[in-house]
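Only one structure is covered here, and it is reproduced in the block below.
The values are calculated or read from the model by the stated rules, or taken from the named source; none is laboratory data. All values derive from a computational prediction rather than experimental measurement. Note that we place each Cβ from the backbone using ideal geometry, even for glycine, and neighbour counts take in every protein chain shown.
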Amino acid sequence: MSSNPNEIQIHDKSFEIFITRDEIRARVVEMGWELSKDYKEKNPIFIPVMNGSFMFTADLVRACKFDSELMFVGMSSYIGMESTGEVSINYGLDGQLLKGKDVIIVEDIIDTGTTLNHFIHTIEDFEPASIAIVSLLLKPTALRFDIPLDYIGYKIPEAFVVGYGLDYDGLGRTLPDIYQLTSGTDEE
């Protein structure tokens, strides 16, 4: 256990504070206003990619000043701290409801873009009116796909992060701040 109040331990790894809850709150409100300007006359469907985006989505939709719908979808591609490279949609997608609708995909973090790229192509098959991407975090140097990213909260380096919905082997999601792996901890 660290004596540093800005450092936490999850499983076998140490993490230090990276983005505070106040910074997150302010940026999410800004993003809500940006979306409100662009969607004020529309009734889009938000599709949060679970589980990581649940906190971000809850705060974001409350910051938006327009009517909207929600359709939660579960996808997976990670085991521990590593992407498997394989994407599976585990639950929640009802494509029949997307035809002719404005769709806003909500991600907690985009790193390689593998999951998102796969998901966008799946959504396109249902002929929505439009697709927009909202992500709290983006690792631009890790991105491997040419994906139109419409609303990004923060561009971050290729550090492993937890908190505010993001986890390490199931733990850390409920932390109100975002923490990054400390430099003295080896990534596997």
- Item | Which listed residue, of 152, 178, is under 13 Å from the mean Cα position of the chain (by Cα) and either of a type in the set (Gly, Ala, Ser) or buried (at least 20 other Cβ atoms within 10 Å of the Cβ) (or both) | 178
- Near pairs, Cβ below 9 angstrom, 6+ apart or cross-chain, from the range 4-19 (at positive phi) to any residue that is acidic (Asp, Glu): 11/169
- Message: If I filter the range 43-52 down to residues being out of contact with any Pro (no Cβ under 9 Å at 6 or more places or on another chain) and buried (at least 16 other Cβ atoms within 10 Å of the Cβ), which single residue comes out as nearest to residue 94 (Cα to Cα)?
- Response: 47
- Query: Taking strands (runs of 3 or more DSSP E) that fall entirely within the range 56-114, which contain at least 3 residues that are under 28 Å from residue 41 (Cα atoms), within 15 Å of the chain's Cα centre (by Cα) and at pLDDT 95 or above?
  - Reply: 102-110
- Examine the range 13-31 for a residue that is part of a helix (DSSP H, G or I) and touching a Lys or Arg at 6+ places or on another chain (Cβ under 6 Å), and state whether such a residue exists. no
